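In what follows, a single structure is set out as structure tokens and then discussed.
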Amino acid sequence: MPIAKLMKELQVNPQLGLATQEAEARLKRFGPNKLETKPPIAPWRLFLNQFRDFMVLVLLGTVAVSVLLGEYLDAAAIFAILFLNAVLGFVQEYRAERSMEMLARLAADNCRVLRDGHKHLMSASLLVPGDIILLEPGDRVPADARLLEAQLLSVDEASLTGESLPVSKDEKFLGRENTPLGDRKNMVFKGTLVTRGFAKAVVTATGMDTQIGKIAHLLQEGDEIQTPLQRRLQQLGKILVLACGAIVAVVFLAGVRQGLPVFKMFMVAVTLAVAAIPEGLPAVVTIALSVGVQRMSRQNAIIRQLPAVETLGCATVICSDKTGTLTLNQMEVQQLWTARGLHSMQRGKTLRVDPQLQDDLWYSAAVGALCTKAETYGEGEAFGDPTEVALVRFAEKLGLRQRELRQVYREVGGIPFNSERKRMSVVVREGRDHTVMVKGAPDVVLPRCTHILKGTQVVRLTPELRREAAAVLEAMAEQALRVLVAAFKPLGQQLPPQDQWEQGLILTGFLGMLDPPRPEVPAAVQAARLGGVRTIMVTGDHKRTAAAIAEQIGLFTPEANQVLTGAEWEALTPLQQREEIKRTAVFARVAPAHKLSIVRALQANGEIVAMTGDGVNDAPAVKEAHIGVAMGLQGTDVTREASDMVLMDDNFGTIIKAVREGRGIYDNIRKFIRYLLGCNVGEVLTMLAATLLGLPLPLVPLQILWMNLVTDGLPAIALGLDPVERDIMLQKPRDPREGVFARGLFRRILFAGMTISLATLALFLFSLWYYPGQLERSRTLAFTTLVLAQLIYAFQCRFERHSIFERGIWGNFYLVVAVLLSGGAHVLLLYTPFLARLFQTVPLNFDDWLLVGLFACFPLFAETVVLTLRRAVRRHLSLLKV
């Protein structure tokens, strides 16, 4: 919109600003210039929400049952576990709800405003559309505004658009309605940072109507997604309740039918119900995830929400921002072309120049160090425009220090850079001689050059050399390098008129710059691909730049080699988006809403999505993704608070380590589910079979509870600490729809439970015959066999495809200690008179222990035989195929 038309529409005089009375009226109409937040959920409601999970409700029922049985210790232990889990969940959700508060912090506190013809310093929250604001370097833009006047204005919009470089603004620019956010050069946006220049602008949008306000809307609309672990545990809880209810009912009815007292059978049935549901499962899951968190924190990954560890383990796609995540967010000179050829600047290598020689290399570096507003300070530190900082650092790599150069070459004049000139000139004096140093865009500086420096010789810039230079420029552009031309001209002892400074220049070289990839990223992308995890770049940067970085880090594959812009993506229907995203490796020039729709399209295709980001623009998609990953060094508070995991080193490779850890954690969760349920099935089947066969009950309720609390707990926790397998990142991600009992786990649990029950009942029957009339001894033998068989079974649960005879028992030190402690506690129970009377046991002699050891090892031998036979059959079948 032309400025005159805009001023008329906003009803404001740009020279006087709004009248105070009119501003107050507009404030009432538009509201304060603040970001709205959802009404906060009351802390007590957040806490109570932690008890809505199905498994938790079932465990609360077991607490009530335990209280009815008088087992207050058991009830207290279960409730304490549930309470701690609830506190942990409450803290995580409470912090996540603070995302909007963090977003609001980006609003500027105070700003300079023109009202009633006078400048005022006032709170940014009082701004209204039509206000005239004044901007200078270091200001955070207080509202979306249209530029009226601008002097060399550059604004850092990286946090909003993902653009790695400050954007030069132009008040004369006129865009179209669909001009991408990053290309609206006549606009400044709330929350962005002025890095250079001065401006006068008229406010066009405040509060939630600003671009950052639209992001706030997106954050509010983001739905919470259940993690695969949460879904699996919910499914497991329902299965357990149904199975336990059926079995307990059978045991109760069978006992009553045989004439056993109803109250006694009720006690047994309820005790079995308490035993069958593994109340230690949530605690062990929490411990396993917490251990994963600790391991990852040592590798610079901070987990904000525990389930995120497991969710990363089944991630199939990582959507990564480019600037600061895949790249260093630091411009570097990648190539230097002079008349003598092309020089490639490899990381870690230093190209030196001879200060006395003053050849084309020396002049190319000297122009970058002297014709600049960037300043060096400290040890290798620099401040200023990222492009100019890159030139200063390049000169230092070649051995030319800016401070030392400026002591010899004193600046005596210059012509500043602006968007119309597209070049900058500085006149320096050495002794009595003056020289002009010029740098700028190739299309502006190159036509002003008549000669070129080749080594130390000045030669005429012939048509052939111009064609060669044009070919080099084209090649650099193909690599998405930002090219600046360096030139100079001796001016003699007497300075000529200024309009002659930039005529007849001597070309020294082309400097091609790029924000380079992080050194570790290509290997990390390859490791992710080997593990079946796809990486997609999602950036606000230009298409050619994004494609060049993607090529360097090996992002393109035969299946996914497409680059789409945000505008192209937006033009597709949702169904087309779901198809196109399968072939797309890079998204460029995207807006926050595009990032959100990209995540949703992937989720609609059944992908488990991890979204990395550092800027405000990433926050909605980070929150929407199954797992949000924020950058700790360069990330904003908003993104960190919306995320599940924060990378303290901003290292893309750390994500792959987190994926590995997540897979290991899920494997460990399967191990202790196998252990807990295998033990519980063994206990339930033992009681069920004895009741159906008309035998005396082999266990009393207190013995069942003892096994449930003491024998199951420590080994299960130790299994959660099992080391991650070395080849785990060579496996494909598991299907997120995979049930807890997938890959034969249910079969293994049943087999273990049946063999443990068979061994226990066999010894119980034998002892009833061998020790007639000594029911307590028989029960003690059965009780001890169950305990020992379960402790041996803990070692079996470490491996799914191997026997402990092949791998040994020493791979998990914690498990060895846990088994010794649990076994020691059981021995203490047997030989302490008070505990023996309480649990209705008797001391065992040497012969009894031999019998217990023999029968307790039966499940281990049975599993080893089955594994050996299965392998033999598979080997035989493979030979038949050959």
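The values are calculated or read from the model by the stated rules, or taken from the named source; none is laboratory data. If you're wondering where the values come from, they're calculated on a predicted model, not measured in any experiment. Counting neighbours? That spans all protein chains shown, and the Cβs are built from the backbone with ideal geometry, glycine included. Note: accessible area is taken over every heavy atom of the protein model, side chains too, but ligands, DNA and RNA are not part of it. Shrake-Rupley method; radii C 1.70, N 1.55, O 1.52, S 1.80 Å.
Results, tabulated for the structure shown:
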quantity: Cross-link pairs LYS422/LYS543; LYS119/LYS623; LYS190/LYS623; LYS200/LYS439; LYS185/LYS595 - those with Cα-Cα distance over 31 Å; calculated: LYS119/LYS623
quantity: Computed [θ] at 222 nm, deg cm²/dmol, the chain (DSSP H ≥ 4; -39,500 (n - 2.57); rounded to nearest 500); calculated: -15500 deg cm²/dmol
quantity: Nearest-10 value in Å² for the accessible area of THR462, using the 1.4 Å probe; calculated: 50
quantity: For CYS319, residues with placed amide H under 5 Å, excluding near neighbours; calculated: ILE536, ALA610, MET611, THR612
quantity: Amide hydrogen neighbours beyond the local backbone of GLY414, cut-off 5 Å, H modeled; calculated: VAL427
quantity: Accessible heavy-atom area order of PHE30, PHE672, highest first, probe of 1.4 Å; calculated: PHE30, PHE672
quantity: Quotient of C-alpha Rg and 2.2 N^0.38 Å, computed over the stretch 415-560; calculated: 1.42
quantity: For the stretch 4-51 and the stretch 671-722, distance of Cα centres in Å; calculated: 62
quantity: Viscosity 1.002 mPa s, 20 °C: Kirkwood-radius Stokes-Einstein D of the chain over Cα pairs, µm²/s; calculated: 67
quantity: For the stretch 200-217 versus the stretch 570-604, the gap between their alpha-carbon centres in whole angstrom; calculated: 25
quantity: Interchain or long-range residues, amide H under 5 Å from CYS314's placed H; calculated: none
quantity: Angle in degrees between helix 521-530 and the longest Cα principal axis of the chain, rounded to the nearest 10; calculated: 40
quantity: Share, in percent, of DSSP beta bridges within the chain that are antiparallel, nearest 5; calculated: 75
quantity: In sequence order, calculated HN-Hα J values of the stretch 28-36 (Karplus, 6.51, -1.76, 1.60; Hz; x Gly/Pro); calculated: 5, 6, 9, x, x, 7, 10, 8, 6
quantity: Gap separating the Cα centres of the stretch 740-757 and the stretch 444-485, nearest whole Å; calculated: 73
quantity: Selection from TRP810, VAL852, GLY739 lying farthest towards where the dipole of the stretch 725-855 points positive, charges on Cβ; calculated: GLY739
quantity: Accessible surface of the chain [probe 1.4 Å, protein heavy atoms]: carbon and sulfur percent; calculated: 59
quantity: Rg(Cα) / (2.2 N^0.38 Å) computed for the stretch 627-763, rounded to two decimals; calculated: 1.49
quantity: The stretch 539-581 pair-distance distribution - Cα-Cα, 5 Å bins, rounded %; calculated: 5, 20, 28, 23, 19, 5, 0
quantity: Exposure ranking of LYS200, LYS397 by accessible area [1.4 Å probe, largest first]; calculated: LYS397, LYS200
quantity: For LEU342, solvent-accessible area (1.4 Å; no DNA, RNA or ligand), Å²; calculated: 100
quantity: Accessible surface, the chain, averaged per residue in Å² (probe 1.4 Å); calculated: 44
quantity: Heavy atoms of ASP209: accessible area, 1.4 Å probe, square angstrom to 10; calculated: 100
